[in-house]
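Q: There's a structure below that I have some questions on.
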Amino acid sequence: MGNSKDRIKFNVGGRIFETTSTTLANAGRDSFFGALFDDEWNLSPSPENLFIDRNPDCFAVLLDLLRTGDLNVPTNIPERLLHREASFYGLLNHVRTAKWGPFDGNRLRLSDSVKGIAPGDGTAIRAGPDGGCCVAHGSVVHVFDWMLDEHYPINLDYQRVNDVGWIDSDNIVLSACEKLGRGDGGMGLFSSSSGDLRYKFQVSHENQVKSYTAGALSFSPDYKIFSSCKGRSNEYGIGVWDQITGKQTDFFYESPGWSLGDADKLQWLNGKNCLLVATLFPRKDNCYISLLDFRDKNMVWSWSDIGSPMAIDEKRVRDAIAMEDSNSICVVNEFEDLGFIDLRMYGGSVRWSSRSRLMKSKMPDEPCYPKLALHEGQLFSSMNDSISVFCGPDWVLTSRLRRSYGGSICDFSIGGDRLFALHSEENVFDVWETPPPPII
Amino acid sequence: MSNQKKRNFQIEAFKHRVVVDPKYADKTWQILERAIHQIYNQDASGLSFEELYRNAYNMVLHKFGEKLYTGFIATMTAHLKEKSKLIEAAQGGSFLEELNKKWNEHNKALEMIRDILMYMDRTYIESTKKPHVHPMGLSLWRDNVVHFPKIHARLLNTLLDLVQKERTGEVIDRGLMRNVIKMFMDLGESVYQDDFEKPFLEASSEFYKVESQEFIESCDCGDYLKKAEKRLTEEIDRVAHYLDAKSEDKITSVVEKEMIANHMQRLVHMENSGLVNMLLNDKYDDLGRMYSLFRRVTNGLVTVRDVMTLHLREMGKQLVTDPEKSKDPVEFVQRLLDERDKYDKIISTAFGNDKTFQNALNSSFEYFINLNARSPEFISLFVDDKLRKGLKGIAEVDVEVVLDKVMMLFRYLQEKDVFEKYYKQHLAKRLLSGKTVSDDAERSLIVKLKTECGYQFTSKLEGMFTDMKTSEDTMRGFYGSHPELSEGPTLIVQVLTTGSWPTQPAVPCNLPAEVSVLCEKFRSFYLGTHTGRRLSWQTNMGTADIKAVFGKGQKHELNVSTFQMCVLMLFNNADRLSYKEIEQATEIPASDLKRCLQSLACVKGKNVIKKEPMSKDIGEEDSFFVNDKFTSKFYKVKIGTVVAQKETEPEKQETRQRVEEDRKPQIEAAIVRIMKSRKILDHNNIIAEVTKQLQPRFLANPTEIKKRIESLIERDFLERDNTDRKLYRYLA
């Protein structure tokens, strides 16, 4: 009453809505309402006669979103319709940020499962920076945005995909096997929205462009792309490319008796300015983990299980992840035992924490090797059909994510405040989110 | 058959159902196009945003994004072409105003069009990677208006004309300027730089080239600098008012180059008003201006500094080598101090205490002070003068200031050991004659010397002070153990440690009986308390107070030297004595005796004895008697000795020789120290290292070092390498 100038009444799809211009201002200037109430557009016809030809039910949901910041979608409104309407008003980002909260491994809820039609097992799943993901199956990568709408699949001449990664929300890098006899394969950069191939990365040895198989990928904040490479004539090592120009800038050749070109995992360590390269059993008979400093082409740290006596229960390292905060590398074996190697010592041994002996009894028929991930001080490890969350300095098991179908988890990835888990059967991936923060 | 055909037909009908009205896109676009026209014609009040937004949305939704995008570009281009014709038609001064008005209209329209096309901006453009609506609108304005051939050059010329007008003193519409130049900036950095900044800088460069030439022909250096400074602030002001802040460095560097860098030499050396003139006349303002302007250009300060150094050295050289000016040592040093004060003030007030200028000042002083070999002596004499009388009645703080300044000069000396020699002599005189004004001042200076040159340098000087102190105690002890001596003459002995004091050969003399008895008593007392010591009397350094009664009963106390006392005491027993008799009785060496008699008999007003014949000089045949008629206003009369304050030529030679002699062991010690650590070294390096090590005390002469090396080889400290004769080896 007191502030009647602020009050606005208008008609959306036949229903009268009454609100205030301050509420609508929450939409921001770059939105339908931001422009509508700008001084340049002297509202004509006057607000009372303003008619907006859109769905009133969806508008009610979006108006509440602007009023409270919370998104509450009644079951009778299909999500796709709501997204469509939000897109019209320019409120899609509002919907996305309200849909799930900041990531916390101990408060995750399963929000969705997406079934695919691809044959065979999945290779890798990678979370995008704004809630989307991409899934590699055989020679094709399926791309999903945060609304889990599938975009155009991407491929590199339908060569077998080895790894895939997001540079930013609109750019995906794909690494694939070399096409025998054709000189194709390697790596390509794709648009995530349109699936277009932007450019292909090449490898040169002694100024000659060679075909190659690209393996594991990693990116650094100073716009570099790293990939393990296998060339035709024993040119094994780690290639480096510039994200902006697409040109190769460096190549770290593998030395005899060590393995880089076959690496299963690359991880860029920002604090140490080094790249972690891990080649693991069963790709090779032995495990090789090393840190490379590209500034002076130096292997600054390395560890291998060559020559170490086989333990009775045969603990082989199946995945490794560097934890810069605690100056150590975490490894995991096929029984999901965690082990730690001190990064400050050269040639240290693995300190195993034998915790999960009891799990050995119920091994499923088709086991999947464990994988590791680290997110803001929380350590995640997948084993069979569940993902364990470890916290604190002693890495205490605090949560376990599991669902009933889909079989073993062959890969998982955290990003955009979501966790994606890819199952080996049924071609299904799960989306785990943290709910929005509580009201009080 | 017919049934089957029918079914086929149905399938086709089904296909057609999803096709939208083919004219739909055209119709919708027409609505939007009309709206864009209306917006440009400022007739937007009747438009419904909701309707336009929905139409643009629908076009994108139904895959007509491309048509919408190209349509928007075509319509806007057409409009801008029309606008550019209108702007071009504007005459004279209204041209800029028209341009600015149209630019504002375009911005407003662009904003509204972007609002309508917001959905396209976010979806269609995003996924096709085309330029967004707003940057596209700016590019269109740039290509169709700013780069329109009939506007492009005219716009630039108009702007440059206005700047030129402002530089020549006219008032221009700065607000309009700012708006138009802001337009260039909005269109992107490259547009601002290529279409305005570069030509602007070129025109400015031309302008200042001409102007600086004009100024330099007509103004003196000070005025020129004032004008340059004014221009510089004007340009900075201009940038603040209507240019991009990033242009400031560029335009100031143009002014700096044209007005200062190009005329630097001429300005500095300008006759009657250049740098030297400013320095001579203490023109702090002009000097400060020169400093702040020249520091902006490369080599500017170097030029100023070089000229100042050259002038300082020239001036200093004249000062120290002019025989007229080095007559009075005190004035000589005072003049040096005054020059230093003058330049200190210039550097602190005008040159912002610039370290490099201070260094230049110091090196210049060091250069010319050492041109005069007597500088160490003079500085010591200056201190002597100050400590004898100059510091009386001056506050302690001021004393410190004077001493600090002296230390400053001391630092410039290369031959610090020579200074030490003289200082020791002068200090000895001051201490023994009790002439020193302030013990604190003396000690403070010693502390300063100590911090400057180390413990070694001052240990002997400090030893002299200790001797004075212990002598006092010894005297108290002596009279305490001999209470019978309170009657009769008083003997005050100062026991000096050999080595701490400047040594002079002990001159023998027969002391009067009363005194020699006392002396013997003291000797036995002293040797009784200190065993293993030897006392020798330095009678040539003593003084005595004696009471005398003259003819008419006038009583006076005479303050005389020990030699003079010996002579005067003879007249207690004789009225008249010949030179020979005196010489025989006292056994004082002839030269000293003559000087002593001269001061007793020939100084007017103090001639307590007379001689025959009356003449200025003492002859071997002269005879002497007491001057009964001696009178004086004062009860106490000081009979001075005839001594030159400044050293005479032979004395100078002697001191010099002593210094050289003292240097020898120091050089040898340095050589041995160096060789001990290096074991093998070649000749040039050893010279360099020795010179460096001795730098704080004196500048070692290379030939002298060579001699010392030879001597050390003779004494088997070193040996020459057998194969390379230039190498020396240390022999442990």
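The values are calculated or read from the model by the stated rules, or taken from the named source; none is laboratory data. On a predicted model such as this, the values are computed, not experimentally measured, just so you know. Every residue, glycine among them, receives a Cβ derived from its backbone with ideal geometry; neighbour counts consider all protein chains shown. Remember, those area values only see protein heavy atoms, side chains included, never the ligands or the DNA or RNA. Shrake-Rupley method; radii C 1.70, N 1.55, O 1.52, S 1.80 Å.
Q: Could you please state, rounded to a whole Å, how far the C-alpha centre of the range A:374-440 is from the C-alpha centre of the range B:445-465?
A: The range A:374-440 and the range B:445-465 have Cα centres spaced 80 Å from each other.
Q: Do any of B:LYS327/B:LYS469; B:LYS469/B:LYS692; B:LYS389/B:LYS547; B:LYS27/B:LYS101 go past 30 Å between their Cα atoms, and which?
A: Flagged as over cut-off: B:LYS327/B:LYS469; B:LYS469/B:LYS692; B:LYS27/B:LYS101.
Q: Let me ask something else about it. As I understand it, the dipole of chain B uses +1 on the Cβ of Lys and Arg and -1 on the Cβ of Asp and Glu, about the Cα centre. Which of B:SER253, B:PHE49, B:ALA428 lies farthest toward its positive end?
A: Highest projection toward the positive end goes to B:PHE49.
Q: To the nearest hundred square angstrom, how large is the accessible surface buried between A and B, total for both chains, probe 1.4 angstrom?
A: When A and B are taken together, about 2000 Å² of accessible area is lost.
Q: To the nearest 10 degrees, how steeply does helix B:396-412 sit against the main Cα axis of chain B, on a 0 to 90 scale?
A: The angle comes out at about 80 degrees.
Q: Okay, moving on. Specify the inter-centroid distance of the range B:126-166 and the range B:243-289, based on alpha-carbon positions, in whole Å.
A: Distance between centres, Cα-based: 38 Å.
Q: Each label point is 7 Å from the Cα along the Cα-to-Cβ direction; what then is the distance between the points at B:ASN359 and B:LYS676, in nm?
A: 3.5
Q: When Lys and Arg each count +1 and Asp and Glu each count -1, what net charge do the other residues less than 12 Å away from B:PRO696, Cβ to Cβ, add up to?
A: That works out to 0.
Q: With every protein chain left in place, what is the accessible area per residue of chain B in square angstrom, probe 1.4 Å?
A: Dividing the accessible area of chain B by its residue count gives 52 Å².
Q: So, one more: Any chance you could give the angle, 0 to 90 degrees and rounded to 10, that helix B:198-218 forms with the longest Cα principal axis of chain B?
A: Rounded to the nearest ten degrees, it is 40.
Q: Now, a different point. I'd like the carbon and sulfur percentage of the solvent accessible area for chain A, probe radius 1.4 Å, heavy atoms only, ligands and nucleic acids excluded. Show your work: numbers first, answer last.
A: Numbers: 9820 of 20100 Å².
Result for chain A: 49 percent of the exposed heavy-atom area is carbon or sulfur.
Q: Once you average over the residues of B:44-54, how many Cβ atoms of partner chains fall within 10 Å of each Cβ?
A: Mean shielding by partner chains, rounded to a whole number: 6.
Q: Further question: Kindly identify the range B:293-429 as rounded, prolate or oblate by the Cα gyration tensor criterion: order the square roots of the eigenvalues as a ≥ b ≥ c, call it rounded if a/c is under 1.5, otherwise compare a/b with b/c, prolate if a/b is larger, else oblate.
A: Prolate, because a/c is 1.5 or more and a/b exceeds b/c.
Q: How big is the dipole moment of the protein assembly as shown about its Cα centre under a simple scheme where the beta carbon of each Lys and Arg is +1, that of each Asp and Glu is -1, and everything else is neutral? Debye, nearest 20, please.
A: Computed charge dipole of the protein assembly as shown: roughly 1820 debye.
Q: For the protein assembly as shown, what is the Kirkwood estimate of the hydrodynamic radius, computed as the reciprocal of the mean inverse distance between distinct Cα atoms, to one decimal in Å?
A: Over the protein assembly as shown, the inverse of the mean reciprocal pair distance is 42.6 Å.
Q: Please give, to one decimal in nm, the separation of the simple spin-label points placed at A:ASP157 and B:ASP473, each 7 Å out from Cα toward the Cβ.
A: So the two model labels end up 10.4 nm from each other.
Q: Using a 10 Å cut-off on Cβ atoms, rank the peptides A:60-66, A:318-324, B:629-635, B:681-687 from the highest mean neighbour count down.
A: Listed from highest to lowest mean packing, they are A:318-324, A:60-66, B:681-687, B:629-635.
Q: Ok, one more. Taking every pair of alpha-carbon atoms in the range A:7-99, give the share separated by more than 23 Å as a whole percent. Intermediate values should be presented prior to the final figure.
A: Working: 736 of 4278 pairs.
Tail of the P(r) past 23 Å holds 17 percent of the pairs.
Q: Given R₀ = 22 Å, FRET efficiency for A:ASN270-A:MET345 by Cβ-Cβ distance, to 0.05?
A: Details: r = 22 Å, r/R0 = 0.98.
Approximately 0.55, to the nearest 0.05.
Q: Angle check, please: helix B:329-349 long axis (alpha carbons) against the longest principal axis of chain B (alpha carbons), in degrees 0 to 90, nearest 10.
A: Between helix and principal axis, roughly 10 degrees.
Q: What is the mean number of Cβ atoms from other protein chains located within 10 Å of the Cβ atom of each residue in peptide B:110-116, rounded to a whole number?
A: Shielding by partners across B:110-116 averages 3.
Q: Measure off 7 Å from each Cα along the Cα-to-Cβ vector at B:THR631 and B:GLU88, then give the distance between these two points in nanometres to one decimal.
A: 11.9
Q: For the range B:24-147, with all protein chains present and a 1.4 Å probe, just round the carbon and sulfur fraction of the accessible area to a whole percent. Walk me through the numbers before you get to the answer.
A: Numbers: 2670 of 5140 Å².
Exposed carbon and sulfur together represent 52 percent of the surface.
Q: Something else about it: Cα gyration tensor of the range B:152-298, axes a ≥ b ≥ c as square roots of the eigenvalues: rounded (a/c below 1.5), prolate (a/b > b/c) or oblate? Before the final figure, lay out each step's value.
A: On the way: a/c = 2.56, a/b = 2.38, b/c = 1.07.
It is prolate, given that a/c is not under 1.5 and a/b is the larger ratio.
Q: Once the dipole of the range B:305-453 is set up with Lys and Arg at +1 and Asp and Glu at -1 on Cβ about the Cα centre, which of B:VAL418, B:TYR367, B:GLN318 lies farthest towards its positive end?
A: B:VAL418
Q: Can you give the mean number of other chain Cβ atoms that lie within 10 Å of the Cβ atoms in peptide A:87-96?
A: 2
Q: While we're on this one: Under Stokes-Einstein, with the Kirkwood radius over Cα pairs standing in for Rh, what whole-number D in µm²/s applies to chain B at 25 °C and 0.890 mPa s?
A: Working: Rh = 36.4 Å.
This corresponds to a translational diffusion coefficient of 67 µm²/s.
Q: Nearest 500 deg cm²/dmol is fine: what mean residue ellipticity at 222 nm does the protein assembly as shown get from its DSSP H runs of n ≥ 4 alone, each adding -39,500 (n - 2.57), divided by its residue count? Kindly include the intermediate steps, with their values, before the conclusion.
A: Values: 37 runs with 510 residues, N = 1172.
The helix contribution divided over the protein assembly as shown gives -14000 deg cm²/dmol.
Q: Once neighbouring chains are kept in place and the probe is 1.4 Å, which whole percent of the accessible area of the range B:649-730 is contributed by carbon and sulfur?
A: That fraction is 49 percent.
Q: What's the extension gain from B:LEU371 to B:SER45 if we count 0.36 nm per residue and subtract their Cα-Cα distance?
A: Full extension of this stretch gives 108.1 nm more.
Q: Then there's this: Show me B:57-65, A:121-129 ranked by packing, highest mean number of other Cβ atoms within 10 Å first.
A: Going by the mean number of other Cβ atoms within 10 Å, highest first, we get A:121-129, B:57-65.
Q: Okay, next question. Under 13 Å from a point placed 7 Å out from the Cα of B:TYR284 along the Cα-to-Cβ direction: which residues of the range B:345-367 have their backbone N that close?
A: It comes to B:345-353, nothing else.
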